[in-house]
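Working notes, structure below.
The values are calculated or read from the model by the stated rules, or taken from the named source; none is laboratory data. Since this is a predicted model, take the numbers as computed values, not measurements. Positions of Cβ are backbone-derived with ideal geometry, glycine not excepted, and every protein chain shown enters the neighbour counts.
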Amino acid sequence: MTTTSTNGRGRIAMTLTLETWPLNSPFQITGYTWSELENIVVSLRKDNCCGRGEAAGVYYRNDRPQSMLRQLEALRGQIETGITRESAQALLPPGGARNALDCALWDLEAKLTGQPAWRSAGLDLAPRPLVTTFTCGADDPEKMAAEAMKWRQAKAIKLKLTGERLDTERVRAVRAARPDVKLGIDANQGFTLPFLEWLLPVLVDSGVELIEQPLPIGQEKLLLQLRSPIPLAADESAQSLKDLPGLVSLFQVVNIKLDKCGGLTEGLAMAKAAKELGLQVMVGNMMGTALAMAPGFILGQHCAHVDLDGALSLRQDRHPPVDYSGGLISCPPQVWGNQC
């Protein structure tokens, strides 16, 4: 599905496109399973240049491509009359719609001015390849071990766990198969505090280096009772900039996802604020094509932890695709954020 309009020279013409991208295989986390990626692409055309941004939304907030399309259509007049990255922050709340619009504005600005997005994002040098985690969805332990072996190039692997006792065998199986990688786990809010305390010795024994979002939103203060030698990362508990102060003393790492916070503009602000609060910064993703990974790759240059393997879940990526050689992520400059 595509909606568009045509404006005169000097004005912005917006095109909204809903897309579906099949996954290589079903992907499971706590409470959800996907067989395809649904996303929206915002294209902004001005003076023969076109900027694009992609978003999948935030599934657990019912932030879906169809609803994003309705949000953006309702604002078409304001967007096409003239909008900046700064004014977009007030026009839309954090979420997928603002992310796609914001990233399209970054891309359009780079094409109109000839200044790459990475320079506008405060980097002195062109983006360097980054070590990214490779994710194994929750499954039978032997299947997760086989998946980990498939990513032979990976230097870091993250396991999706579900709060079942089977999680111990999942962790042990992957560690036995891949003793060479940095290992992290992600509960996606699926643990209770007693379960986490029970699981923790296995995680320590297996050399797990990061525990992501163990408890549901609203139960974060229970973590004050936990004495974990493994750092804890906030994901669902860290939606946008306003959430950061409340995470101090509960988490050591903040996972910033552009679909959650509403784009690269707020993502960069979150990274700066998190560091000022003494928190480490991580960039994650809600799955996506190269067009979604590229802005995250810019944010990743500011991060201690990088989880941008979303395009690997797809049966086929855009052209040119993300490069995942040697366990690193690199985004070709033609994808996004550079001149026409």
Matching strands (runs of 3 or more DSSP E) fully within the range 1-111 where at least 3 residues are of a type in the set (Ser, Thr, Tyr): 13-29, 32-46
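Looking for whichever is surrounded by 14 or more Cβ atoms within 10 Å (Cβ to Cβ), more than 19 Å from Glu164 (Cα to Cα) and of a type in the set (A, V, I, L, M) here; the options are Leu196, Leu222. Which one fits?
Just one listed residue meets the conditions, Leu222.
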Per-region count, the range 302-340, residues buried (at least 18 other Cβ atoms within 10 Å of the Cβ) and part of a strand (DSSP E or B): 4
Positions within the range 199-219 being surrounded by fewer than 16 Cβ atoms within 10 Å (Cβ to Cβ) and of a type in the set (Gly, Ala, Ser), in sequence order: Gly207, Gly218
Restricting the range 118-165 to residues that are touching a residue at least 24 places away in the same chain (Cβ under 8 Å), basic (Lys, Arg) and outside any loop (DSSP other than H, G, I, E, B), the residue that is surrounded by the fewest Cβ atoms within 10 Å (Cβ to Cβ): Lys160
Where a residue in the range 35-49 is in the same structural domain as Ala88 (by TED's automatic domain parsing) and its partner, wherever it lies, is among the hydroxyl-bearing types (Ser, Thr, Tyr), with Cβ under 6 Å and at least six apart: Glu36/Thr20; Glu38/Thr20; Val41/Thr17; Ser43/Thr15
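Please specify each residue of the range 62-78 satisfying the condition of being free of Cβ contacts under 8 Å to residues at least 40 places away in the same chain and of a type outside the set (S, T, N, Q).
If the condition is that a residue be free of Cβ contacts under 8 Å to residues at least 40 places away in the same chain and of a type outside the set (S, T, N, Q), then Arg64, Met68, Arg70, Ala74, Leu75, Gly77 are the ones that fit.
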Residue identified as in a helix (DSSP H, G or I), within 26 Å of Ala271 (Cβ to Cβ) and touching a helix residue (DSSP H, G or I) at 6+ places or on another chain (Cβ under 9 Å) among Leu215, Leu183, Leu223: Leu223
Residue that is surrounded by the most Cβ atoms within 10 Å (Cβ to Cβ) [pool: residues in the range 179-193 that are among the β-branched types (Val, Ile, Thr) and under 17 Å from Pro141 (Cβ atoms)]: Ile185
Residue that is more than 18 Å from the chain's Cα centre (by Cα) and without any contact (Cβ under 8 Å) to a residue 40 or more places away in the chain, where the choices are Ala13, Ala90: Ala90
